[in-house]
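Asks: The structure that follows is given in the form of structure tokens.
The values are calculated or read from the model by the stated rules, or taken from the named source; none is laboratory data. Note that this is a predicted model, so its numbers are computed, not measured. Cβ atoms come from the backbone with ideal geometry, glycine included; neighbour counts cover every protein chain shown. Quick note on the areas: whole protein, heavy atoms, side chains included, nothing else; ligands and nucleic acids left out. Shrake-Rupley method; radii C 1.70, N 1.55, O 1.52, S 1.80 Å.
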Amino acid sequence: MELTYLPIIVVAAALLLLVIFFYYVPFMLWISARASDVKISLVQLFLMRIRKVPPSIIVNALIEAHKAGIKTLTRDELEAHYLAGGHVEKVVHALVSAAKANIDLPFQMATAIDLAGRDVFDAVQMSVNPKVIDTPPVTAVAKDGIQLIAKARVTVRANIKQLVGGAGEETILARVGEGIVSSIGSSESHKTVLENPDSISKLVLRKGLDAGTAFEILSIDIADIDIGKNIGAFLQMDQAQADKNIAQAKAEERRAMAVALEQEMKAKAQEARAKVIEAEAEVPKAMADAFRSGNLGVMDYYKMKNIEADTSMRESIAKPASSPTNKPLKD
């Protein structure tokens, strides 16, 4: 029984050994490389498996670069880039595309761009075919107080040398928006901007907004300009309302001060009248004391009364008498 299953066990073990051998020694991949005139040995392919580097990725990349005329790439460089976490296929695609478009893109720069998190192949494509970025509506106010809402289309292409450490599209949009606001704000009238919208793009382009970014601005075109609110009129209305409120507050303050002063004067007058009444109340007491002490006689008292009566009569005569009403005569 054991002799019957022995050939089967031997065959299975042989197949298992062949599978392991062809896994660690990709013989067919080596034949493809040799057919493409890519020099690589079976030992190197076996060591790639040991280092956990997919041989197919490295060999296919070498074949693509060799067929495109890029013969400076080496297996060690591609393998090191893969172990560093890079995308070998995208880097080789980018190198081939850049070579066909006559763009200077060294391997070290391509790998640096890839490891920086940017898609190096898309960057090369954008460098060949510029990209159009639509800005969101930008609101600005001219010197005459009229609000304008502008939309721009920015044509950019990738700046290969600035992809590592350069700013992205958000910075481009922010700088273009700032330039549009500055250009409209420096215009004397909104009519001037509507008549010559190209003046905005010319002014913005002269500012060099692509400095320090990963893009090169080719053109800025004003796609649309709409008229918004009359901001100047709103500001004047708000200022007038504020001035009115201030004037009303000051008037209310003056009125309150006048009322307080009036109340104070009334209080002082009442106090003075109280003192006069108090003094008048002391007069009879003083006269009685004068009579008792003999300083005032009866005749003196009558003379004083006559003087008071005479004074009262003179005051009544001095007052203008009301004129009699003229009545019509009866027939």
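Asks: Can you give the helix-only mean residue ellipticity at 222 nm for the chain, where every DSSP H stretch with n ≥ 4 adds -39500 (n - 2.57) and the sum goes over all residues, rounded to the nearest 500 deg cm²/dmol?
Replies: -21000 deg cm²/dmol
Asks: With the full set of protein chains in place, find how many percent of the accessible area of the chain is carbon and sulfur; take the probe as 1.4 Å.
Replies: Roughly 59 percent, rounded to a whole number.
Asks: A further question follows. Between Rg and the Kirkwood Rh of the stretch 102-246, both from Cα atoms, what is the Rg to Rh ratio?
Replies: Over the Cα atoms of the stretch 102-246, Rg/Rh equals 1.16.
Asks: Could you list the GluC sites (Glu not before Pro) in the stretch 112-189 that lie in coil according to DSSP, counting only those with at most 13 other Cβ atoms within 10 Å of their Cβ?
Replies: Hits after loop and neighbour filter: Glu188.
Asks: When the convex hull of the Cα atoms of the stretch 31-77 is projected onto a plane and the area is averaged over all directions, what value comes out in nm²?
Replies: About 3.0 nm², averaged over all directions.
Asks: Ignoring ligands and nucleic acids, what accessible area does Leu29 show with a 1.4 Å probe (Å², nearest 10)?
Replies: 30
Asks: Next question, about the same structure. Does the stretch 46-173 come out rounded, prolate or oblate, given a ≥ b ≥ c as the square roots of the eigenvalues of its C-alpha gyration tensor, rounded meaning a/c under 1.5 and, failing that, prolate meaning a/b above b/c?
Replies: prolate
Asks: Compute the accessible area per residue over the chain, keeping the other protein chains in place, probe 1.4 Å, unit Å².
Replies: In whole numbers, the chain has 67 Å² accessible per residue.
Asks: So what are the three principal axis dimensions of the stretch 209-276 from its Cα atoms, in whole Å, longest to shortest?
Replies: 98, 30, 8
Asks: What percent does the relative contact order of the stretch 74-228 come to when contacts are Cα pairs within less than 8 Å and at least six residues apart?
Replies: RCO, the stretch 74-228: 24 percent.
Asks: Going out from 0 in 10 Å bins, what whole percent of all Cα-Cα distances in the stretch 56-111 drops into each bin?
Replies: 25, 63, 12
Asks: Using 1/(1 + (r/R0)^6) with R0 = 51 angstrom and r between the beta carbons of Asp37 and Asp198, what's the FRET efficiency to the nearest 0.05?
Replies: Working from the Cβ atoms, E equals 0.40.
Asks: Rg and Dmax in Å for the chain, alpha carbons only: what are they?
Replies: Reported Rg and Dmax, both Å: 53.4, 178.
Asks: Can you give me the solvent accessible area of Met265 with a 1.4 Å probe, rounded to the nearest 10 Å²?
Replies: Near enough 110 Å² of accessible area.
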